[in-house]
Amino acid sequence: MSTLSDEDYKIHLPTATGLEQDEEYLELEIAGERRRIRFHDYDEIFNVPGLYERLFADALACDSPRVVVDLLQDAVQDEGGHPGDLRVLDFGAGNGMVGEELARIDSAAIVGVDLLEEAKLAAERDRPGVYDAYHALDMTELAPPDRAELAQHDFNCLTCVAALGFGDVPPAAFATAYELIADDGWVAFNIRERFVEETDTSGFARTLAHALDEGAIVEHARVSYTHRQSVSGDPLSYVAMVGRKQGELELLA
């Protein structure tokens, strides 16, 4: 797949309605043959050059990387800081769309982390030079040497875009990434609205609410917006938030 260009394949979206966000899929057509790929089968999507962008940015109008990074930039500047001082851990970095936005605002250093080796290879293929380093790591089982290597970057900012919820990034993995950020550092992320409501069962809503109530995160900006369209054309409502770290996260089920 890695030898394909974006002219060698076509994508087809289903006409079915009522699919949950983590049930959505496309059909990838190559040389007249089709195969189905779930949207959350990111390893398969990253293996096809340009597919992630053609699917999410072009076909489904996803603009979250820009939305979250612009919100971060505005918050930093409102506090009298400079985006050029940010040393960013881009967690759930995928093929580098958020890293590209962070480079646009002249972040001082950008390090990507993703669970998938396919994401790391895609970022190196699609956006060479954007990241100062990129690691394929499981943050729920972070080995001491990997933690030490990441800690050397002295991060003062964490970004996590289009990764939280649906079990792709559990709260424990987010908390591990958060631990690597210096006190008073910036945290910028987005998540579907239902994962920050009282009915959420993932644990993220209670963890975030507790962090805000206890002052572990001081919120500076929040916006509700359309992350992207569903395959049936309905808006998927997300929350983007920027805050500053004042303490560690306490995980609550």
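The values are calculated or read from the model by the stated rules, or taken from the named source; none is laboratory data. Owing to the predicted nature of the structure, the values given are computational and were not obtained by experimental measurement. Cβ coordinates were reconstructed from backbone atoms using ideal geometry, including for glycine residues, and neighbour counts include every protein chain displayed.
Pairs linking a residue in region 64-88 that is over 14 Å from residue 98 (Cα atoms) to a residue that is surrounded by 17 or more Cβ atoms within 10 Å (Cβ to Cβ) and of a type in the set (D, E, K, R), with Cβ atoms under 9 Å and 6 or more positions apart or on different chains, are 75/244; 79/244. Take residue 185 and decide whether it is in the same structural domain as residue 139 (by TED's automatic domain parsing) and touching a strand residue (DSSP E or B) at 6+ places or on another chain (Cβ under 6 Å). Here the answer is yes, as residue 185 does meet what is asked.
A quick yes/no check of all residues on (1) closer than 27 Å to residue 22 by Cβ; (2) not polar (S, T, N, Q):
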residue: 140; (1), (2): yes, no
residue: 152; (1), (2): no, no
residue: 182; (1), (2): no, yes
residue: 216; (1), (2): no, yes
residue: 220; (1), (2): no, yes
residue: 231; (1), (2): yes, yes
residue: 243; (1), (2): yes, yes
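What number of residues within region 142-189 satisfy the criterion of being of a type outside the set (A, V, I, L, M), at negative phi and under 19 Å from the mean Cα position of the chain (by Cα)? Residues in region 142-189 being of a type outside the set (A, V, I, L, M), at negative phi and under 19 Å from the mean Cα position of the chain (by Cα): 15 in total. Every condition in (1) part of a loop (DSSP other than H, G, I, E, B); (2) more than 24 Å from residue 76 (Cβ to Cβ); (3) within 16 Å of the chain's Cα centre (by Cα) holds for residue 120 except the one numbered (1). Within region 227-251, the only residue that satisfies the criterion of being in contact with a Pro (Cβ under 7 Å, 6 or more places away or on another chain) and either outside the structural domain of residue 165 (by TED's automatic domain parsing) or without any contact (Cβ under 8 Å) to a residue 60 or more places away in the chain (or both) is 251. The number of residues in region 183-217 being of a type in the set (Gly, Ala, Ser) and at pLDDT 90 or above comes to 5.
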